[in-house]
Amino acid sequence: MEDPIIAVTGVTKTYNNGKLRVEALKGIDLEVSRGEIVAVMGPSGCGKTTLLNCLSGLDNLDSGEVYIEGKKLHALSDDLRTDYRARRMGFVFQHYNLLPVLTSVENVELPLLLSGTGSRRARGLAQEMLEMVGLQDRMNHIPAELSGGQQQRVTIARALVNQPAIVWADEPTGDLDTETSKEIMDLVIRLNKANLQTFMMVTHSPDVGMMADRIIRMRDGVIEDSDDSNKLRGEQ
Amino acid sequence: MEEIFGIEIKTLMLVLLGVFIAIMATIILMAIRNPVLLKLGLRNIPRRPAQTALIVIGSMLSAVIISAAFGTGDSIHYSIRSAAIEGLGNIDEVITLSAGSESFGSPVPPYFPVTRFQRLKNEVEYIDNIDGLMPQILEIGGVTNPQNALFSGKTNVVGISPSHMDGFSDFLLANQRKVFLTDLVAGEIFINQALSEELDAVAGNSLTLFVDESPVEFIIRATIQDGGLAGIDPTIVMPLTATQLLYQESGNINAIAVSNRGDATKGAEGSQETIRELSMLFADPIVANELHLLLNIESIRNVITNKLNEKSTDTELQKDLRNLIDELKKPEVSSELIRIVSGENVMGEIGKDLNTLNLFEEERRLEVLLRDLSDMNVDGVKKRILDIANEVGSTVTTFFIVMGLFSVMVGSLLLFLIFVMLAAARRTEMGIFRAIGAQRTHLIQIFVFEGTAYNLIAAAVGTVFGFLLTFGIVLAADQIFGSGDDEFSLRYHVELSSAVVAYCLAMVITFATLGFSAYRVSRMNIIEAVRDLPESGNSDESQTLSVNLIMIWYSLVRPATYFYRSGRHVINTRFVNGFFNLCGFLLWVIVFPIWVLDILLSTLRLMWPFFKQGWLTFVFGTILMLLGVLTWSQVAPFSIGFSLMIIGLGLVLRHICQYVPQVTPIFGILITTVGISLTVYSINEHELLSGVIGSTVFLIGIFMTWPAIRYRANPPFQLVDRLAFSFIGILGLVFWITPFDIAEPITGELEAEIEMFFISGVSMVAAAVWTIMHNADLLLGMVSIVSNKIGRLRPVILIAVAYPLSAKFRTGLTLAMFSLVVFTLVVMSILGEAFGSALADSDEVTGHWDIEGNIASTHGSMDISHAISELDLIAESEFEAIGSYVRSPVEMKQANVENQRWERFVLQAADYGFLRNTEHNVRIIANGYGTTEDNVWSALIQDPNLAVIGAAAVSGDGGPGGHRPGFKIEGFSYNDKSMDPIDIQVLDPSSNKEWTYTIIGILNNGNDSENVLVTSKTKIENIFGFTIPSTTYRFRMVDGIDLDRTTKNLESAFIRNGMETVNLQERVRNAAAQGRAFNRLFTAFMGLGLIVGIAALGVISLRAVVERRQQIGMLRAIGYRKRMIQWGFLIESSFVALLGIIIGLILGGVTSYNIIASIREGFDGIEFSVPVIQLSIIVALAYIFSILTTLLAASQASEIAPSDALRYE
């Protein structure tokens, strides 16, 4: 693979709470290309979210190496890693995790403010992003006043507003009905095509997986196989 | 201490103990019936030890404050009581000659033949209550110790008969060995320890006592212990016969000490009875007969009968009145009749009623006869001091409790907050519990069980801590006040009854908070709770009107229901259930208030919807306000009523706006109108504060009107709510912060007690917080605009402000706590500074005199100027002015005012030097007597019929005389700008002489002539026919003279006259310093509440870490550094703390300004000034500690690993 945006070799991660020792990742090797949409699938407890957390720098590794855009992420200090996330990464979570006390536009502009964008410009970009996800009339609503789908759109807007290189999504459609899930995934694909951003999604949903460029299947902390979803779609 | 709030401590203890036992019994019964609920409640305690500790600390505070207040009162009561008992020993009463004595202002009682004592001795044989009578001579003189030249200006000289020591304690040496007066040979004396220490004199030394300025040498035989017949002030004790010879009063004495049966403590208990018995013996039978006839006049008998039938008449008085009626029916004067009429209380009440019924002639005759009834005065000196001890102890406790109410309130709010947050944490599990069939009462019970467990420990620990705090307060107060008087020291003492009252009171307050919190917690919506959705305000409690009506009926018959159920269970052999229901029946019937409370709560539940609509609140408020003005003349009900009217009006208008949206602008229009009215008032009255408030309110009104007009066709409901609630908050705030006297032209003068400070403080803080929290989004917008300029800090500030403003209830509660505490501290500091500064102006206080010399001038007057010219130690040129006066208690009443009775006051007869040179300020000068102080004092010199009177004789707004007993001028206020001359009558009770004066001026408040009538000596000397010697000399020194040195030199120079001197400037400075020190001590006591406010921020922060765990994970994921999370928490706490500090500072400042403005008229020299350093310390401490408390939570939050926080599985 040429110029992979994500390059992972021999990543292991073990959780040990004194009583129980769980080997969540057992030597993961992986490469993801720039602009690729990758779906990570597998049964509960197979290590999907751990992989996402380790790759995005939210969690530490026990061993192995992770290169993001050629940078050895885990060699950075916590502050530098955090700054890197703010500038180059976006996150979408299953439960949206919007700040309930801020309006949609304020939630969306947070990453911009963190990366040092001026307030006025941040507000403008956040509004543009919300328009792009179809929420131009919900900008000043707080999350409690939005539906689940609308909240996830805000989350996506927040994840993409600072033009990140990679967007990490953990069960982005887990809390949504089928129709809304499709809408969200269409949105993700549209934005991916428009901005050439890499999407790495953890999902249980085969429908969502089918919409990705590649599906990585995991079981018991290892990657079982990695398929081109177009091929899978073709097989179907 | 025996009483508090007018209630006997024992009664209070029994009532509180009863309530406490009833509550505990109910809880125990509930626990027995529902052991599962008990287990569910108690299992939460060990789950989170840190949280449990925090709850216990929060609950402790009420107990700490209450027990500290009671402990301090107890200690003061005990200290005064001990000083009285130890000082007086077995002396319970002192008999002196009262009538017919030709002396004026003499500090020494007049002499009478010793035969009066012998007669009395025979007569009291049959009085069981008396076990000792001691004939005495009490004199005062100057004493020097020739060995070391030390001197004591005013030393008591006591002559005692060695043969009448029965009933009195023997004299003891320091080693407890007894010594006897019979051991003394001629020229020998005993001195007490106080004199021994003052003169550094011991047994064997010689002392010089000056009698009529002539030196007499004595040898000290021994130093005896202070107290009893030896006194506690510097005293010489010698045999009566030697004293009679010394003062050339052979065959005479001037006092008889009486010892009641029992020891020094028990003796005082029979004092009332002894006074009555002795008064009976001293009664003149002819006068008694005339009294018998007078009291038998029909009009007076009617007065007695009516008094007897009055409901307010106490049992003791009723008994006397009943006996009086019986005795008056007898043809002859009986001893019982004399006993009754000798009692001041009975005759005082009858005199008052005669006055009320305009029977002035009868009243005057009664007064004259009562005055002539006896020529001897019996002073129950020990009982009097013990009563003072009780009164002072009770006042101090009341003061501490009322001021501590702020902290108690804040403590209760914290407890409430903690339980609300606990409920939020357990919401889902409680929802599930409700879903599977638990009733709301079950949830209440779980919380009550848990709370009771905390409470039992917290109240006990708090009571102990409170009494430890008392120790600190007593120690500090003793340091502050003890320096000036070595004889009296504060001692730590706590009564068991106070401990019980403090514990039970704290428990009851916490139970009430707990009950309310638990009730609120139980009103949850099951679905919202189970799904952890935001609260919509729709609880699952939906009772109809008819159900509520049935509930009232049910509460009325609840005991009967319990009784019926009990019987039914017993019949069905379910004895346990039968027993419980019987207990319920007994509880409701025996502890009657529970039944009443039950009915009231049921009624309130029925009425609550109508209160919420506003109209019933308005009606209730109107009734309360009218009662406050028309019936009770009290500020508290008026103010609370008016506030309820504002709330009611706001709610009614809100209700109307929902149906007729076009009227929405009414809120803004009304606010604007109030603003304009206040501004106009301020312009007319030249009153700055009202102007500032008025113009601000005007602008707010305009700001509120504009959106209402814009959306008048269809205003969003949020806008109506915002306008309605802002209307309530703003008008409420305006009402409480505008100067107090603004409504007086309409309401008239209303009475306000100290509790108004608490009510107004709580009300204005509540109104301010209410307004802010209902406009939180505006504040957030402002912060957002400001933070735009701060760049990278903006995302931190944004969330730090957004979180507290979104949790309105929680933040509002914390803000209220913090504001309330800062408010009280600010008010205390500003008032303390203002009073301290006003009282520290020694020239204003003393009339610009520097030194005061008091002498025991009982034998002739002294030419002080001549005496000074002959002094070696001080040059005559060092004196700028010298004046003197004598003060004597008199009775006074206003001439030409029919309904006035004789009231006590003090007459100060001054010499030319004093009247010419004093610089006491005259506040109001009577028409026709000039315009300057000089005019007034010159008039007094020229016309001996003229006088000026101290401010204590004048009532009025902020006038000092309002709450003091004694003579008052009627029809005149201290705030009046002018006056006509006022004629008064003066009666000297010793000689029964009566004369008149014309008052031509009122002296300023706050000076040392506040309680006296000042006139020249000339008229009194003419009336009495002899020169009246001065007992007080005042000296003004030229600038640059060392006052301390001159003060000592003067005392030394006039030791022959028994002069005791004091540096007046230093005394004023010391008094002001003591005042300031006590204010700081008290501020520190009030600052206890600050701990709670700070703890509240800590609780909220810790809770926030748990609640926002996922959100913190998300923030870390999208790029918030650890430090930014930490800063977010710190800024959030800072925001609440600073907002609370700002509210407290503004409201405290405005309140202090209002208080000072309202009393400035009556308290010259008092000015509003801000003690910047003290306030800075308070603000800094409050802020720094709130940040320190939040640090732990902030650190915990920043350490949350994003991957852990975001994990769902």
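The values are calculated or read from the model by the stated rules, or taken from the named source; none is laboratory data. Keep in mind that this is a model prediction, so the values were computed, not measured. Cβ atoms come from the backbone with ideal geometry, glycine included; neighbour counts cover every protein chain shown.
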Original post:
If B:A459 satisfies every condition in (1) at pLDDT below 85; (2) in a helix (DSSP H, G or I) but one, which is the exception?
Top reply: (1)
Subject >> Complete set of residues in the range B:86-122 that are modelled with pLDDT under 85 and over 30 Å from B:F1026 (Cα atoms) >> reply: B:E86, B:G87
Original post:
If only one of B:T72, B:T96, B:T52 is surrounded by fewer than 22 Cβ atoms within 10 Å (Cβ to Cβ) and closer than 27 Å to B:L405 by Cβ, which one is it?
Top reply: B:T52
Original post:
Which one of A:D170, A:D83, A:D137, A:D79 is among the charged types (D, E, K, R) and under 22 Å from A:S205 (Cα atoms)?
Top reply: A:D170
Original post:
Which of (1) buried (at least 19 other Cβ atoms within 10 Å of the Cβ); (2) of a type outside the set (F, W, Y); (3) touching a residue at least 24 places away in the same chain (Cβ under 8 Å) does B:R1121 not meet, given it meets every other one?
Top reply: (3)
Subject >> Extreme residue, surrounded by the fewest Cβ atoms within 10 Å (Cβ to Cβ), among residues of the range B:1054-1067 that are in a helix (DSSP H, G or I) and out of contact with any Pro (no Cβ under 8 Å at 6 or more places or on another chain) >> reply: B:E1066
Subject >> Qualifying positions in the range B:792-808 - more than 42 Å from the chain's Cα centre (by Cα) and among the basic types (K, R) >> reply: B:R792, B:R794
**OP:** For the range B:311-324, enumerate the residues that are touching a helix residue (DSSP H, G or I) at 6+ places or on another chain (Cβ under 9 Å) and in a loop (DSSP other than H, G, I, E, B).
**Re:** B:T313
Subject >> Members of the range B:1096-1112 that are closer than 23 Å to A:I166 by Cβ and crowded, with 24+ Cβ neighbours inside 10 Å >> reply: B:I1112
Subject >> Residue check for B:P745: over 16 Å from B:M403 (Cβ atoms) and away from chain A (no Cβ under 14 Å) >> reply: yes
**OP:** Would you check which residues across the range B:597-645 are small (G, A, S) and closer than 30 Å to B:D741 by Cβ and list them?
**Re:** B:G614, B:G621, B:G628, B:S633, B:A636, B:S639, B:G641, B:S643
Original post:
Which strands (runs of 3 or more DSSP E) sit wholly inside the range A:21-130 and have at least 2 residues that are away from chain B (no Cβ under 14 Å) and out of contact with any helix residue (DSSP H, G or I) (no Cβ under 9 Å at 6 or more places or on another chain)?
Top reply: A:21-33
Original post:
Does at least one position in the range B:893-901 carry a residue that is at pLDDT below 90, of a type in the set (V, I, T) and either at positive phi or under 31 Å from the mean Cα position of the chain (by Cα) (or both)?
Top reply: no
**OP:** Name the single residue, out of those in the range A:118-157 being within 22 Å of the chain's Cα centre (by Cα) and among the polar types (S, T, N, Q), that is farthest from B:R1121 (Cα to Cα).
**Re:** A:S147
**OP:** State which residue pairs qualify: first residue closer than 13 Å to B:Y1153 by Cα and inside the range B:820-839, second residue not hydroxyl-bearing (S, T, Y) and not in a helix (DSSP H, G or I) in any location, beta carbons under 6 Å apart, and separation of 6 or more residues or different chains.
**Re:** B:S829/B:P1171; B:E833/B:P1171; B:A834/B:I1166
Original post:
Given the conditions (1) touching a residue at least 40 places away in the same chain (Cβ under 8 Å); (2) at negative phi; (3) surrounded by 15 or more Cβ atoms within 10 Å (Cβ to Cβ), which single one is not true for A:A144?
Top reply: (3)
Subject >> the range B:1068-1113: number of residues that are outside any loop (DSSP other than H, G, I, E, B) and either more than 21 Å from B:I799 (Cβ to Cβ) or among the aromatic types (F, W, Y) (or both) >> reply: 27
Original post:
Just wondering, is there one or more residues in the range B:842-861 that are in a strand (DSSP E or B), under 30 Å from B:Q985 (Cβ atoms), at pLDDT 85 or above and under 31 Å from the mean Cα position of the chain (by Cα)?
Top reply: no
Subject >> Matching entry among A:L98, A:L73, A:L58 (being closer than 24 Å to B:K808 by Cβ and under 18 Å from the mean Cα position of the chain (by Cα)) >> reply: A:L98
Original post:
Counting residues that are surrounded by fewer than 24 Cβ atoms within 10 Å (Cβ to Cβ) and within 14 Å of chain A (Cβ to nearest Cβ), which helices (runs of 4 or more DSSP H) fully inside the range B:754-825 reach at least 2?
Top reply: B:776-787, B:794-806
Subject >> Selected residue (only one of A:I68, A:I28 is among the hydrophobic types (A, V, I, L, M, F, W, C), crowded, with 18+ Cβ neighbours inside 10 Å, at pLDDT 90 or above and farther than 26 Å from A:P206 by Cβ) >> reply: A:I68
Subject >> Lone qualifier among B:L195, B:L172, B:L229, B:L207 - being over 45 Å from the mean Cα position of the chain (by Cα) and touching a residue at least 40 places away in the same chain (Cβ under 8 Å) >> reply: B:L207
Subject >> Selected residue [of a type outside the set (K, R), within 26 Å of B:S1101 (Cα to Cα) and either surrounded by fewer than 21 Cβ atoms within 10 Å (Cβ to Cβ) or under 31 Å from the mean Cα position of the chain (by Cα) (or both)] from B:A1194, B:A1180, B:A1157 >> reply: B:A1180
Subject >> Matching residues, the range B:708-723, being touching a Ser or Thr at 6+ places or on another chain (Cβ under 9 Å) and under 17 Å from B:D777 (Cα atoms) >> reply: B:L719, B:V720, B:L723
Original post:
Any residue at all in the range A:215-228 that is in contact (Cβ under 8 Å) with a residue 24 or more places away in the chain, assigned to a strand (DSSP E or B), more than 14 Å from chain B (Cβ to nearest Cβ) and touching a Ser or Thr at 6+ places or on another chain (Cβ under 6 Å)?
Top reply: yes
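Matching residues to (1) surrounded by 16 or more Cβ atoms within 10 Å (Cβ to Cβ); (2) touching a Ser or Thr at 6+ places or on another chain (Cβ under 7 Å); (3) more than 26 Å from B:A255 (Cβ to Cβ):
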residue	(1), (2), (3)
B:R339	yes, no, no
B:M347	yes, no, no
B:L354	yes, no, yes
B:E361	no, no, yes
B:R365	yes, no, yes
B:R384	no, no, no
B:A389	yes, no, no
B:G393	yes, no, yes
B:T398	yes, no, yes
